[in-house]
Structures are given as structure tokens and as C-alpha cells.
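The values are calculated or read from the model by the stated rules, or taken from the named source; none is laboratory data. No experiment lies behind these values; they were computed from the predicted model shown. Glycine also receives a Cβ, built like all others from the backbone with ideal geometry; neighbour counts cover every protein chain displayed. Just so you know, the surface numbers come from the protein's heavy atoms only, side chains and all, with ligands and any DNA or RNA stripped out. Shrake-Rupley method; radii C 1.70, N 1.55, O 1.52, S 1.80 Å.
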Amino acid sequence: MSAAIAALASYGGSDSEPDSEPETEGGSQRSAAITLSQSQLCQTAAPVIPSLSAEAMANASGVHEDVETGVHLDPAIKEVQYNPTYETMFAPEFGPENPFRTQQMAAPRNMLSGYAEPAHINDFMFEQQRRTFATYGYALDPSVDNPEAATKYIGSVEEAEKNQGSLTVFETGQRKIEKRKKFKENDASNIDGFLGPWAKYVDEKEVAKPSEEEQKELDEITAKRQKRGKLEDDKPGEEKTILHVKEMYDYQGRSYLHVPQDVGVNLRSTVPPEKCYLPKKQIHVWSGHTKGVSAVRLFPLSGHIMLSCSMDCKIKLWEVYGDRRCLRTFIGHSKAVRDICFNNAGTQFLSAAYDRYLKLWDTETGQCISRFTNRKVPYCVKFNPDEDKQNLFVAGMSDKKIVQWDIRSGEIVQEYDRHLGAVNTIVFVDENRRFVSTSDDKSLRVWEWDIPVDFKYIAEPSMHSMPAVTLSPNGKWLACQSMDNQILIFGAQNRFRLNKKKIFKGHMVAGYACQVDFSPDMSYVISGDADGKLNIWDWKTTKLYSRLKAHDKVCIGAVWHPHETSKVITCGWDGLIKLWD
């Protein structure tokens with residue numbers, strides 16, 4: 001700085017003029033020029049101090065060098081003898097150097113093990129070469145920049161030169177490349193037998209005729225299939241019956257269909273008992289089925305005998321009173337029996353099974369009277385309850401239809417085809433003029449008899465499938481077992497509205513078509529559940545009154561005896577039928 005001041009002083013002394021000289025136009029111009037040159041000199045008179053290297057700066061000011069953060073100024077020094085950079089001036093302060101750091105730790109590094117130099121290679125190329133080396137034993141040498149170098153491969157160099165380096169895990173061999181090039185270069189018209197984009201080839205056959213050997217094999221397969229089909233069609237299952245009692249008739253010539261008079265209850269009465277009570281204990285077990293029982297049905301009106309169908313393909317007839325024996329076994333289905341139904345007199349009954357047959361049986365003799373099938377699985381079957389229509393019955397099928405048969409002709413006389421899923425239940429209402437059906441399509445439909453269009457369709461987004469429906473003894477209500485673990489009550493007269501005040505909950509039935517029933521005086525609602533329990537609710541309050549452990553497996557059926565105050569019959573998938581009182 002002192003040298004600059006001296007230079008400035010000498011410059012000013014040499015150009016000074018005596019004060020006595022008069023100011024002229026030229027003189028004023030010269031003084032203005034001197035003033036301008038002085039101002040320029042003031043601006044550029046500072047000495048040019050060269051920027052020092054990092055090492056020189058560190059030596060000059062006693063600072064320490066760090067690769068990551070740059071050169072740091074020592075906060076203790078008062079004078080800086082070089083032009084520091086912005087990064088140096090604003091770098092954060094840090095403590096003294098660690099004397100215990102090893103040479104490796106002190107060296108510049110950008111990863112834990114040292115300093116990794118960035119390589120100009122993308123991920124795909126790296127992975128390609130790594131896999132090629134693992135598969136073929138050679139790869140491109142990344143340290144060789146010149147692609148025409150003599151040794152640009154590492155590993156098995158001979159193999160690499162043999163394949164000319166073209167064979168990698170992502171690239172095919174030389175032959176395929178040549179073939180591809182050939183097809184690209186040549187025109188499609190040069191291919192032998194090619195007549196154009198839409199034309200056939202010269203030797204193309206329109207019908208692929210099998211050879212003699214192939215034709216023989218095909219004939220054998222079709223013959224086997226036809227034989228199988230004929231066997232299934234021709235053999236619905238041989239029907240036979242077994243009588244389990246010594247004598248079929250008593251001393252007066254009466255069969256077991258005769259209603260007994262000595263059981264303490266008037267079984268011929270049409271008046272239900274005045275007051276019903278909760279069943280408390282098990283009083284009898286009927287055992288005879290080897291697999292789960294699907295359903296039980298009491299004899300019409302009297303209920304003195306009971307019919308049961310099972311997954312062991314058999315149907316059995318039992319006594320409800322007296323010795324409670326097994327009276328007769330009906331054998332004729334080749335698969336599990338799904339549903340059974342008595343006619344009004346109880347002299348005949350229908351059975352529906354998974355062998356796709358519906359069979360009409362004589363209750364007294366055990367003879368199979370007739371068979372019906374439309375090659376679909378029947379899920380439920382019901383006689384028309386009208387006395388003048390006892391020759392007609394309807395069955396809900398797996399193909400979404402309700403089919404109506406005439407027993408006399410054995411033909412289908414009507415089809416109700418409106419459901420969108422397999423039909424689960426059919427219940428007659430309104431003095432048998434109408435019937436209600438439920439289906440896997442989660443809907444409830446009401447039909448006029450013999451009119452194949454439903455006049456009432458009930459389906460809500462919140463509704464679930466209802467695979468078991470029972471009409472109340474007074475004919476006013478329908479109890480529907482819903483798959484959301486509820487029993488819903490619909491009105492059975494005119495509007496078929498859901499009674500939102502009567503919803504019975506507290507049992508687990510999701511996935512099982514557990515039968516619902518009412519006590520004869522309409523005091524209680526009963527149902528089985530998936531846990532094998534018998535649930536009893538109060539009709540008025542919908543309160544769950546009682547839960548009895550009835551079966552080891554699913555309790556699928558529950559029936560309250562129409563003439564008894566507290567007798568309930570249950571059946572389950574453990575193969576047992578139980579009587580509760």
C-alpha cells in the first residue's frame with residue numbers, strides 16, 4: 001500500500017502548474033484530464049495480489065485443509081494476506097485436527113472403504129457384462145478406453161475372440177442375427193410357397209384330416225364317452241326298501257301310518273296348544289344315519305312319525321312316540337339326499353338328491369312309484385298343498401329355474417325362469433294361491449300358481465341370500481334365515497314387507513341353510529346354527545331366551561312338534577336326530 005501512495009504523490013507533483021498562469025480554454029481542458037486520470041489511478045492503484053493455492057494458503061495463515069469442506073480460515077488470525085474464495089470465507093468453523101486418525105481415515109474418501117472414482121458406465125451395461133462373465137467366462141475390460149485395442153476382454157479371451165464378443169446374456173448368437181438380417185433384407189415375395197398376405201400357402205390344407213392311427217384313437221375315446229353317458233342315463237339307481245319292524249300291520253290290520261290314540265295328546269286335533277314352554281333337556285336320540293342328516297319332516301297333521309334324509313343317500317322313517325323305532329329305510333339315490341316332502345295325506349313323499357333325480361315313494365310299502373329329472377340338481381321340492389292339485393309339485397333347480405311336474409304324466413308342465421341364481425326354497429302362501437321362492441341371487445320372489453312371471457320381486461343392496469324359509473302357523477309371517485346371521489320376518493299377506501321390528505340375532509349361521517321354525521302358539525322362534533346349538537327366541541321381544549348344545553357339528557334342522565307344548569326335534573351333520581323337551 002505504501003508503494004502505491006508514493007507513486008500517486010510523484011504523479012501529482014510532476015503535473016502541477018504555477019497558480020499565476022491564467023486559465024484559458026485549453027488550460028481548463030488539461031486540468032479536467034488530470035483530474036480524470038487521477039480518479040482512474042485511484043481506482044486501479046491497488047496492487048494485484050495473486051490468489052494462492054490451497055497449500056500456500058494453509059501455510060500462510062495456519063489453517064487446515066479438508067477435502068469435503070475446502071480450506072478454512074483460522075478464526076484466531078487478525079490479518080489475511082491473500083484473496084480468500086467465497087467458500088473459504090463462509091465455510092463453518094471446526095475443531096482441532098484429530099491426532100489419532102490413521103492415514104487411511106485421513107485420506108480423502110467418499111465411502112467407508114476409501115475413495116471410489118465414478119466410472120462412465122450405466123447399470124444395464126454393468127449388469128450385462130457381469131452376467132456374461134458369470135455365464136461365458138469373459139467380459140469387456142472397463143479399463144481399456146480404445147474399442148479397437150488388441151486385448152479388450154478379460155477372463156476367457158479365447159472364447160471371447162471365438163464369438164467376436166457378440167455372444168452375451170442379452171444378445172443371441174451370430175447365426176440368429178444373420179437370419180434376422182436375411183429376413184429383413186429379403187422381400188416376403190421371395191419366400192417359397194408365399195402367394196401374398198391374404199392368400200393361402202401352396203401346400204396349405206383347409207381340413208386337417210387325421211391319419212388312420214389318429215382316427216382309431218379318436219373313435220375309441222368317443223365310444224368310451226358314449227358308454228359312460230348311457231350308463232348314467234340308463235341307471236338312476238336301484239330302489240329298494242328295508243322294513244325294520246317285525247310286522248308291518250297290527251292285529252287290526254293297521255299300518256304305522258295309522259295315528260295312535262294312546263300317546264296322551266290328541267294328534268287328530270287341528271287346534272294348537274294354548275301355551276308353549278321352553279325345552280330344557282334331551283329325552284331321546286335317533287341314530288341310524290352314517291353321515292350328516294340334511295332335513296327332517298313330520299307326518300302331516302298328526303306328526304306321529306318322522307321322515308329324515310341324509311348325506312348317506314338314505315331316507316329313514318321313524319316313530320316319534322312309543323318305542324321311537326326306525327320303521328323303514330328307503331334306498332334308491334346314488335348321491336346325498338337334499339330335501340324331502342310329504343303329500344297332504346302322508347301316503348306318498350318326494351325326495352330330491354344330488355344325483356339329479358326326484359323320486360316319488362310310497363310311505364307305507366317303500367316302493368318307488370316314479371322318477372323325474374331334467375339333468376339338473378334339485379335343491380328343494382314341494383307338493384302343491386291344494387287337495388285338488390296333489391298330482392302337481394314344484395322343484396327349485398340348480399339352473400335357476402323352478403320346474404313344475406305332473407305326477408300322472410311324468411312331464412314338465414311349467415317352468416318359472418326368472419331367478420339369477422340357484423333356487424333354494426319354495427314356500428306356499430295365501431291359501432296356496434301363491435308361492436315364495438328364494439335364491440342365491442339374494443332376492444325373494446312371489447309367484448302366482450301356474451303363471452311363470454313373478455308379480456313381486458324383493459331385493460335390497462343390504463340383503464343376503466336366504467336359503468331357509470318357514471311360514472308361521474297362523475300364515476301371516478315368513479321367517480327367512482339370512483346369511484348375515486339374522487332371521488328376517490316378512491309379511492306373508494299382500495305386500496310382503498320386511499318387519500324391521502322383528503329381527504332375530506345372536507346365532508352364527510353364515511354359510512349354512514339352518515331351518516327355522518315357530519312354536520305352535522307363536523310364542524317362540526327356533527333355529528339351529530353352525531356351532532350345533534339350538535337357539536330359542538321370544539317372538540314378541542326378539543330376545544334370545546335359550547341356547548342348548550344340541551349337536552357336535554352343524555345343527556341344520558329344528559322342528560317344533562305341532563301338538564306338543566315343548567317338544568322340539570333337531571337334526572345335525574353328526575348323523576343324529578334328537579328330541580328335546
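Below is a table of values for the structure above.
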{"item": "Checklist (1) open to solvent by 20 Å² or more (accessible area, probe 1.4 Å); (2) touching a residue at least 12 places away in the same chain (Cβ under 8 Å) applied to PHE504, failing item", "result": "(1)"}
{"item": "Matching residues, the stretch 497-511, being over 16 Å from PRO467 (Cα atoms) and part of a loop (DSSP other than H, G, I, E, B)", "result": "ARG497, GLY506"}
{"item": "Options VAL446, VAL427; residue that is closer than 19 Å to ASP339 by Cα and modelled with pLDDT of 95 or more", "result": "VAL427"}
{"item": "Subset of the stretch 512-542 (residues that are open to solvent by less than 20 Å² (accessible area, probe 1.4 Å) and either part of a loop (DSSP other than H, G, I, E, B) or of a type in the set (A, V, I, L, M, F, W, C) (or both))", "result": "CYS514, VAL516, PHE518, SER519, PRO520, VAL525, ILE526, ASP529, GLY532, LEU534, ILE536, TRP537"}
{"item": "Residue within the stretch 184-199 that is part of a helix (DSSP H, G or I), modelled with pLDDT of 80 or more and open to solvent by 100 Å² or more (accessible area, probe 1.4 Å) present", "result": "no"}
{"item": "Among (1) open to solvent by 40 Å² or more (accessible area, probe 1.4 Å); (2) in a loop (DSSP other than H, G, I, E, B); (3) in contact with an Asp or Glu (Cβ under 7 Å, 6 or more places away or on another chain) - the single one TYR545 does not satisfy", "result": "(2)"}
{"item": "Count of the stretch 233-278 residues which are more than 30 Å from ASN374 (Cβ to Cβ), among the basic types (Lys, Arg) and under 51 Å from the mean Cα position of the chain (by Cα)", "result": "1"}
{"item": "The stretch 378-403, residues that are crowded, with 18+ Cβ neighbours inside 10 Å and more than 23 Å from THR241 (Cβ to Cβ)", "result": "TYR379, CYS380, LYS382, ASN384, LEU392, VAL394, GLY396, MET397, LYS400, LYS401, ILE402, VAL403"}
{"item": "Those residues of the stretch 103-147 which are touching a Lys or Arg at 6+ places or on another chain (Cβ under 8 Å) and polar (S, T, N, Q), in sequence order", "result": "ASN146"}
{"item": "GLU319 being surrounded by fewer than 15 Cβ atoms within 10 Å (Cβ to Cβ), out of contact with any helix residue (DSSP H, G or I) (no Cβ under 6 Å at 6 or more places or on another chain) and of a type outside the set (A, V, I, L, M)", "result": "no"}
{"item": "Filtered residue count, the stretch 364-377, keeping only those that are part of a strand (DSSP E or B) and either touching a His at 6+ places or on another chain (Cβ under 6 Å) or open to solvent by 40 Å² or more (accessible area, probe 1.4 Å) (or both)", "result": "2"}
{"item": "Every pair of residues 6+ apart whose Cβ atoms lie under 7 Å, when the first sits in the stretch 206-229 and is open to solvent by less than 100 Å² (accessible area, probe 1.4 Å) while the second is at pLDDT 85 or above", "result": "PRO210/LEU218"}
{"item": "Checklist (1) on the phi < 0 side of the Ramachandran plot; (2) more than 41 Å from the chain's Cα centre (by Cα) applied to ASP355, failing item", "result": "(2)"}
{"item": "Number of the exception - ASP339 against (1) open to solvent by less than 20 Å² (accessible area, probe 1.4 Å); (2) touching an Asp or Glu at 6+ places or on another chain (Cβ under 8 Å); (3) among the charged types (D, E, K, R)", "result": "(2)"}
